[in-house]
1. Test of understanding: what is the full-extension gain from His543 to Gln592, defined as 0.36 nm times their sequence separation minus their Cα-Cα distance?
2. Restricting to DSSP loop positions (anything but H, G, I, E, B) with no more than 13 other Cβ atoms inside 10 Å of their own Cβ, which GluC sites (Glu not before Pro) remain in the range 672-714?
3. Step through the residues of the range 794-806 one at a time and calculate ³J(HN,Hα) from phi using the Karplus curve (6.51 cos²θ - 1.76 cosθ + 1.60, θ = phi - 60°), rounding each to whole Hz and writing x for Gly and Pro.
4. Please give the peptides 269-280, 658-669 ranked by average Cβ packing (other Cβ atoms within 10 Å per residue), highest first, as a rough proxy for protection.
5. Would you mind checking which residues have amide H under 5 Å from Ile936's amide H? H placed 1.01 Å from N; only 5 or more apart, or other chain.
6. Going by C-beta contacts inside 10 Å, put Lys81, Lys611, Lys203 in order with the fewest on the left.
7. Sort Tyr266, Tyr89 so the one with the fewest other Cβ atoms within 10 Å of its own Cβ comes first.
8. Across the range 1-210, how many lysine pairs, 8 or more apart or on two chains, come within less than 21 Å at their alpha-carbon atoms?
Amino acid sequence: MNMERIIGALGARAEDQRKLILMAPVFFICGIAEMLNYNGFMTLFNQRLGSEYLPYVYAAEAVILPLEAWLLSWLAARLPKPKLMRVMYGMMLGIVAFNALVLLTLKLAGVELLWYYPVLFIFSNFVVRQQTILLWSLAVDTCQTQQAKRLMPIFVGAATLGGVAAGLLAQAISIGFGPETIYAVGAVLLLIAWRNYNQVIGKYLVPLSLKAEASREEAPALTTGAVFRHALRSPFLLTVILLMTFMPALYFLMEYQFLNVTRITYPSEQEFSRYFGMITMVLFILAFLLQTVSGKLMAKLGASQMLTAISAVYVLSFAAAVMLIGSSAALPIISAGYMLLYLLLYYSAEPSYQIFFKTFPLAQRDSYRYAAQGIAASAGIMAGAALQFLHSGLGLSWTLLSLAGLCGSVLLFGLAWIGRKYYMRELVSSVQSAGELDLTEQFEELVRNPAAMARISGMLKEENDPAKEIALQIIGRLQNPKDLPELLKLIEDPIPRIRVAAVRAMNLEHADLTAMVKIAAFLEDPDDELRAEGVRQIGRMKHMEHQALYFLRQKLLDRHPAVVAEAVKAMYSFNNAPSFEACAEVIHRILQEGGQASVYICRVVAELNLKEFISEVGKLVQDQHPAARVAAIACLGELGEDGLLPELLQGLPTMDQEMTRTVFHYFVQIGERAVAPLLGSLEGAHPKRWTIAIQALAKLLPEEEIRSRLIESALLRLAHLDDAAAYGAAFAAMGQEDMAQLAGLRMHEVRAFYMDGVWSVLGALADEQVVEAVRKAAGDPDEEIRSNGWEVLAEGVGDRRLSQRLLVLLEQEDSAGLLDRLPESGAQHVMEQALAESDDWWREMAVAAQQGEGENVSQEQAMGRLNKVVFLRQVPYFADLSLEELGLIATIAKESVWADDAKLLERGTPNTAMYVIVEGNVELTSTSAAGWEGTIGVLGSGDVCGVTSALDGTPSSVSAQSLLGEVRVLELAGDDMARLIRLYPEIGMGLLRASFARIRLLEEMMMRIDS
């Protein structure tokens, strides 16, 4: 409980606990190691070789960087992501450990190798640079988007506190030891962090990397040369690259001044190292404080103004250096400048650059980003080395060197100012083709710039309707009352979408009566969506309560229930007692009527938490309209009414997908009150009931109770599949081939039910994203991907026993014929087991097999569910459906008998049902354009008529009547079939395939007639 409170205080959730406990120490320890390494090699290089050689080392780094990028790209192309992450960490650990060993050996031997320090600098700087990238890459790859938003600030805080700890540790170590020891301690800490780092990869990254995205089509990546050529043609891109180049170059100049001034002030290694440690500590304390306000600063200033403000700090820092570099205040001024530029460059400027690239097309955005960063990285280091060389090579004084930095800062400020204007221009251009996500990200930038918003407002006058819609989305988010006059002009637009978007974008909280009257005109518009939006806007006009309520009361009698529902919500928002009475009367009436209209009112009752209507909503659970039943259950779940729980548990086996999902959410919303009934229902439960109960319990129970209460139940269910696998073989041995085929279908469905439940339990015990990746990989058609997924299950994910038992099931499923062997006890013993099953399908099959039913089903006058299913499987329309889908169709199928010459369909008359012929013949006739009537064809057992008119509600194009005696049919209501097609696309596909076959047959008939 204490841990949960701590995690909650950090802004994380309970499901983040396992990942947080593993990863936060990695960031903290590696943060310490990184800064100790940096302190160690910078002290050694500057004190023993001399900071005047920094320009040459940086120049060498600029040359090496492309080779480094090539090496990393080569490794990334040849290694799986988890192995790459391990190899990279091992490479860095090896570099630091080797250097630490060399340094300690040289110190013990009393040997000084000056040429070694540039090598140490280059390799150690590679580790510092890549370590940060590696850790953030690991965090991004292992955290889904919403989880990353919660955990990234914690990881940043852990790394920052690691820097503070490194500063304190460096000061403590430097008292009795040298920089070699500081460097070596960093290597030891990297080794300590390896255990957690490796566990994170094994538990999270390996499963998530099972299925590579190689099949996903991507736009071809742009080369660096192509980006450079584009930059020469694009002032905006060129400005961005120059900013990304000059900002680090000027930082390197300030760093050079800081290191030299510090070395002059503290000539001994111990003093230098101690001061450097103190600066590191202060730097990361400031970084930690900056993290608390950086989000607010970015929200207030935006990316472009943020970079302009950072450039201004650069100017002030170098101006102070020019004035005070020769005084006694040089060290504190230069140190402060160094810390400021470090913080602003790495903690504020880098995120701002990333926002700039959002103006580029999504498919090529990463290519532009990486290519521009590659150009700027090499050019920035080279430019920084050139600025440092002005002092080390040309002998420029410190004052003149600071003056050069000041001139560069002024140039940087000018670039940032110009770039701000270019950015706004690009941003406005990009929103015309932006998606919803991009608009969300770009909105804050647009609203800060009056010129940009003026251009957005100008888009309202364009003829381009998509441009108008985008402009209305942006203006609607701003909700500025000053935009109302322009928006009112659009309410006469001929395009309904534009009118709705314009009304939605209006802020009417302070509008006058004229505006209200114009909006009220929408309340009689023939478009239902527009009337509903008009009601919503009238409801926001609280300053004219009486007038608003006058219009809203009229809409309580609107012809569309969605508009009535909006009127009820709007009237409740006024908190007016007479309005409550009027609304209650409408709610009572619609709930009593039931049907489709009650769906909207149920949602309103739930949203407004109107518990006084619980009893009336409860009656809708038995409504004849499925949508009303679903809405009622969802509403009662929102209201926390648990009285339905036993009834819903009992009815789960016969529910369709939509109802099943709704019931699952109902159980979860009820919360702790659902736990005891759900736990009590697990033993001996129908497969579907067990699955939904176990999935709900996996959401409701803490990890300890899941392990103690659900694991055994899941293991027993998987073991039960071994017994159920024999049913098909037993039916076949008894000569019941129809039952054997149905048993195969049911076995597949039951296995799917149990596996859904097991995966839910594993997901509750491990990271859901990881378990979902393993699940996809374990069922992948590619053998290598599938075997990798199985390997993760073998290692154990969530719970080792359950994971490995699931693997056994998957391996059995992959082995043809392994599951369907008849046991030695014989078919009769198997039938006795089937009769005792909790699954009604197995029981019905066993009864039918023992009684010899299933043969000559069409001769029986009354068809049970199983007989209907056996028959429907022989109909081409339904031949490829699962047993669950066939069962749902059988449930809605009504058996009826039509006398001889009775008309099932009448040409030109609307038809509400389709008919599946069980016995008898049906003649299809139609009338030609010339007025003569002719026979199109004669249908027999297994044929279907009336499909098209039943599903689309159009008059029948043919007449159908019984021929040569009675006709027995299964009647399927069009509304029920349409709903099943929506929930089960395979049903619709079956209808399409059969329809296409009939069309081909008609085409062949026409060809024969023509010939």
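None of the figures in this text is laboratory data; all of them are computed from the coordinates on show. Just so it is clear, the structure is predicted and the values come from calculations on it, not from any experiment. Glycine also receives a Cβ, built like all others from the backbone with ideal geometry; neighbour counts cover every protein chain displayed.
1. Full extension from His543 to Gln592 adds 14.2 nm.
2. Answer by residue number: Glu683.
3. Per-residue couplings from phi come out as 5, 5, x, 10, x, 9, 5, 4, 5, 4, 6, 5, 5 Hz.
4. Packing proxy ranking, top to bottom: 269-280, 658-669.
5. Amide H to amide H, under 5 Å and 5 or more residues apart or across chains, Ile936 pairs with Leu924, Thr925, Ser926.
6. Details: Lys81 17, Lys611 12, Lys203 20.
Listed from fewest to most nearby Cβ atoms, that is Lys611, Lys81, Lys203.
7. The order, fewest Cβ neighbours first, is Tyr266, Tyr89.
8. Details: Lys19/Lys81; Lys19/Lys83; Lys19/Lys149; Lys19/Lys203; Lys81/Lys203; Lys83/Lys203; Lys149/Lys203.
Count of close lysine pairs: 7.
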